[in-house]
Each structure stands twice: as structure tokens, then as C-alpha cells.
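First up is the structure itself, then whatever we jot down about it.
The values are calculated or read from the model by the stated rules, or taken from the named source; none is laboratory data. Source: prediction; values computed, not measured. Every residue, glycine as well, gets a Cβ built from its backbone with ideal geometry; the counts of neighbours run over all protein chains shown.
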Amino acid sequence: MMIGIIGAMAQEVTLLASMINSPEKRIIAGVEFIQGELQGHQVVLLRSGVGKVQAAMATTLLHEHYHPSMIINIGSAGGLISGMEIGDIIISSESGHHDVDLSPIGLEPAVLPDLPKTFPSDPELVALVEKVLTELDINSKIGLIATGDAFIADQKQVAMIKEIFPNVLAVEMEAAAIAQVAHLYQTPFIVMRALSDLPDKEMPMSFVEYLDLAAKNSSQIVLKVLEALPAQG
């Protein structure tokens, strides 16, 4: 079983990269893939780059060259609900594109032709991660993560996203693209993001200040989830 782990930025994959045993590195189309053993599992870790195109390309390359049995997307996100703090964890029950709008030709906002409005995460992975987070006593929520090619920095943008996804918990720039590719390849996936900015904070400054904390927290959760997965025989 090969587990694909995707982060967008260097800060989001550095900790895990340093812990992979017998790493084999390969660069394809500018994306660095690191294959090796982590917590008793064969993994391939990659930094996709920021945004939906980079994420979709990297996830496709991952499938074509490494054939993952599951995909875990890690990193940071902006929180869109109250009661959460910087570093808290959001787990995707589903992911969707908040910047897709084909309503002038009769489709619902966020819907692409022949695709669902949201891409559901694997329920077994969600249950496993929820169990791990409960045991660790980490503040977390499970719900919808919205994706778009923009840094969301004001309440007008937040309101527009909530019109499309009223139950959205967090926003970022890669998850739904990864989820869409995984959906098409029928690969189980989950998104685990730590909050780096919140709606009641100065978002751009908060993101810069707390990115490293968010990256560290999401990476540590990945390690615990890998521990909890059945060992490979």
C-alpha cells in the first residue's frame, strides 16, 4: 500500500520529509516526490505548489507514477467559523470549489459538468482521524472545506463563499482540486488542515505569522494517523 501525502508549500512538508527513512527523490514537471518509509508505511510525499492547477497536476502525476492507495492532503487553511483558534485542526468531510460559477448556463454555483458539487472524503479515513484527534484531545472540527485560487482576506469574500457553502468551515487553495482528481481515480482521500488565520484576525499577517505552527500541527497529526493505520505486512 502506497500512501500519498500532499502539501502545497515547503513549510508544510519539511517536517515529514526529514523523518522519511531511505528517501528516494525524484522531480517530475518541477514537483519533487520523496518516496520512503514513514511510521511503518510506504509513503510518497510531495510539495505540489500553491493553487488548484498545481495541485491537480501534482495529484495526477502522483497517480500515474506511484499509484497511491490513499491520499492525505495536509497544510494550512483559513478558518471561517467562530470558536476555533490558530493551530486547531479542520478535517474534510467534503471539499468543493468556491470559485466555480457556470450558473449563466444553468448549473448550480460550484458545480462543473458531470461532477458533484462537493467531493466526499473517505468515511473510514474520516472516522480514523476523528478517533486519533479525540485521543490526542486536540480541538478539531469535521466539515466542508472550500477551495479557490484566491487568498480570502475580507468579510465580503467570506460572505460570498458562505452563500455557496453555508456550512463551510475553512478555506484554502488546493483541497478540492486534489479531491477532484482523487474522485476521478477512485482513490480514497482526506484533507487535514491546521488553521493559520481566522475571520476575526488580520488574515494576511496572521497567515504569515502562524504558517509554521499550522504546518507543524498538521504534520504531527499525519504521523499519528499513520501510526493508527494497520501495519503493512
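Consider G75 carefully, then state whether it is modelled with pLDDT under 95, in contact with a Leu (Cβ under 6 Å, 6 or more places away or on another chain) and not aliphatic (A, V, I, L, M).
Values: modelled with pLDDT under 95: yes; in contact with a Leu (Cβ under 6 Å, 6 or more places away or on another chain): no; not aliphatic (A, V, I, L, M): yes.
Answer is no for this residue.
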(request) Hey, can you tell me all the residues within the stretch 57-90 that are surrounded by fewer than 19 Cβ atoms within 10 Å (Cβ to Cβ) and either of a type in the set (G, A, S) or at positive phi (or both)? (result) H67, S69, S82, G83, G87
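Do the conditions hold for E172, that is, is it under 25 Å from G4 (Cβ atoms), among the acidic types (D, E) and buried (at least 24 other Cβ atoms within 10 Å of the Cβ)? Outline the logic, then answer.
Working: under 25 Å from G4 (Cβ atoms): yes; among the acidic types (D, E): yes; buried (at least 24 other Cβ atoms within 10 Å of the Cβ): yes.
Spelling it out, E172 is indeed under 25 Å from G4 (Cβ atoms), among the acidic types (D, E) and buried (at least 24 other Cβ atoms within 10 Å of the Cβ).
Looking at the structure I just gave you, is N21 under 30 Å from T134 (Cβ atoms) and more than 19 Å from the chain's Cα centre (by Cα)?
Details: under 30 Å from T134 (Cβ atoms): yes; more than 19 Å from the chain's Cα centre (by Cα): yes.
Considered against the rule, which asks whether it is under 30 Å from T134 (Cβ atoms) and more than 19 Å from the chain's Cα centre (by Cα), N21 comes out as yes.
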(message) With the structure loaded, tell me whether L45 is closer than 18 Å to E227 by Cα and not hydroxyl-bearing (S, T, Y) or whether it fails that test.
(response) yes
(message) Looking at (1) within 21 Å of T14 (Cβ to Cβ); (2) assigned to a helix (DSSP H, G or I); (3) touching a helix residue (DSSP H, G or I) at 6+ places or on another chain (Cβ under 9 Å), which one does L61 not meet, given that it meets all the others?
(response) (3)
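Check G106, G87 and return the single one that is within 25 Å of L226 (Cβ to Cβ), at pLDDT below 95 and of a type in the set (G, A, S). First the steps, then the outcome.
On the way: G106 fails: within 25 Å of L226 (Cβ to Cβ).
Criteria check complete, one pass: G87.
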(request) Give the number of residues within the stretch 12-40 that are at pLDDT below 95, buried (at least 18 other Cβ atoms within 10 Å of the Cβ) and either polar (S, T, N, Q) or in a strand (DSSP E or B) (or both). (result) 1
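Of everything in the stretch 64-98 that's acidic (D, E) and assigned to a loop (DSSP other than H, G, I, E, B), which residue is farthest from K25 (Cα to Cα)? It would help to see each step written out before you state the result.
Initially, the stretch 64-98 is screened for residues acidic (D, E), giving 64, 85, 88, 94.
Subsequent filtering for residues that are assigned to a loop (DSSP other than H, G, I, E, B) retains 85, 88.
On the way: E85: 35, D88: 31 Å.
Only one residue tops the list, namely E85.
For (1) in contact with a Cys (Cβ under 7 Å, 6 or more places away or on another chain); (2) part of a helix (DSSP H, G or I); (3) among the β-branched types (V, I, T), each residue gets a yes or a no:
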| site | (1), (2), (3) |
| --- | --- |
| I142 | no, no, yes |
| I152 | no, no, yes |
| K156 | no, yes, no |
| I161 | no, yes, yes |
| H183 | no, yes, no |
(message) Can you pull out every residue in the stretch 145-161 that is over 17 Å from D101 (Cβ atoms) and either crowded, with 20+ Cβ neighbours inside 10 Å or of a type in the set (G, A, S) (or both)?
(response) I145, A153
